[in-house]
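The values are calculated or read from the model by the stated rules, or taken from the named source; none is laboratory data. A quick note: this is a predicted structure, and the numbers were derived from the prediction, not measured. Cβ: placed from backbone, ideal geometry, glycine included. Neighbour counts: every protein chain shown.
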Amino acid sequence: AQSVAQPEDQVNVAEGNPLTVKCTYSVSGNPYLFWYVQYPNRGLQFLLKYITGDNLVKGSYGFEAEFNKSQTSFHLKKPSALVSDSALYFCAVRDIGSARQLTFGSGTQLTVLP
Amino acid sequence: SAVISQKPSRDICQRGTSLTIQCQVDSQVTMMFWYRQQPGQSLTLIATANQGSEATYESGFVIDKFPISRPNLTFSTLTVSNMSPEDSSIYLCSVEGGGTSGDYEQYFGPGTRLTVT
C-alpha cells in the first residue's frame, strides 16, 4: 500500500523568506510524486512532479521540490515566498507498479505573512 | 493539460434525495476519477471509471450509494444517493493528463460543493 505524510498542518513564513513544505512517502516500488495547490473555493492545481531523472524538479509559480530516495521525502520549496502563495498544499504519490490512483497527504496550510 | 468542467458547482439538498454530478472533459481520456474532499481536508478516492466497464470502488464506497456512469471518453456522472448530512462535502472529478507519454499527473475539475440539510 502507498501512503503520504505531511507532518505540518500549518506553516507560517514571512514574505520574502524561503519556504519549505514537508512531505514523506511510502511505496512498495518506485514512486511518482506530485504537489498540488488549492486556493479557497477552487479546485486543485498541479504544481510539479517527479517521475525520474534529476532529483530537483521545478514547477509553476517558482516552486521546486527535491526528491530524496534515502529519506523517502519530496519537500516543496520556494526561495522567496509571496503573500499570494498562501494556500493549501497537497503532496501525492503513485506507485509505478500500481493502478493509476493517487494517494494524497493530509495537506499543509501555508500562510505567508506580509 | 485537460480542461474539466463540473455541474452543478454547488447545491443544497434535503436528506433522502439524490444528486447527480456531471463531469465533462475537453479531450478523450481513458480513466476518470471521482474524489470526495471535506472542506479543508484531504482528498479521498471514491472510484475509478473506465469507459465501457463498471467503475472500481475504493474501500468504504459502494455502487448503490455512489453509482457512476461513463458513457463515452469525455463524460462521466457520479450520483450521491439517499443523501444524509454526512455526505456534505466537495466532490471532484479528475483525469490523468493529456494521454501523451509521461503525463502522469492528474487534472481536477473545479469541484461540486454539496450541502445536505
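Brief remarks follow.
- Selection from region B:28-53 of residues that are part of a loop (DSSP other than H, G, I, E, B) and either farther than 14 Å from B:Cys93 by Cα or modelled with pLDDT of 95 or more (or both): B:Gln28, B:Gln38, B:Pro39, B:Gly40, B:Gln41, B:Ser42, B:Gln51, B:Gly52, B:Ser53
- So A:Glu8, is it farther than 13 Å from A:Gln109 by Cα and at pLDDT 95 or above: no
- Flag for B:Val95 being touching a residue at least 12 places away in the same chain (Cβ under 8 Å), within 14 Å of chain A (Cβ to nearest Cβ) and β-branched (Val, Ile, Thr): yes
- For region A:41-57, the count of residues that are under 22 Å from B:Glu58 (Cβ atoms), touching a residue at least 40 places away in the same chain (Cβ under 8 Å) and in contact with a Ser or Thr (Cβ under 7 Å, 6 or more places away or on another chain) is zero.
- Qualifying residue in region B:54-63 (condition: outside any loop (DSSP other than H, G, I, E, B) and either surrounded by fewer than 20 Cβ atoms within 10 Å (Cβ to Cβ) or hydroxyl-bearing (Ser, Thr, Tyr) (or both)): yes
- Unmet criterion (only one of (1) within 11 Å of another protein chain (Cβ to nearest Cβ); (2) outside any strand (DSSP E or B)) for A:Gln71: (1)
- Of the residues making up region A:25-51, just one is surrounded by fewer than 17 Cβ atoms within 10 Å (Cβ to Cβ), part of a strand (DSSP E or B) and within 11 Å of another protein chain (Cβ to nearest Cβ), namely A:Gln45.
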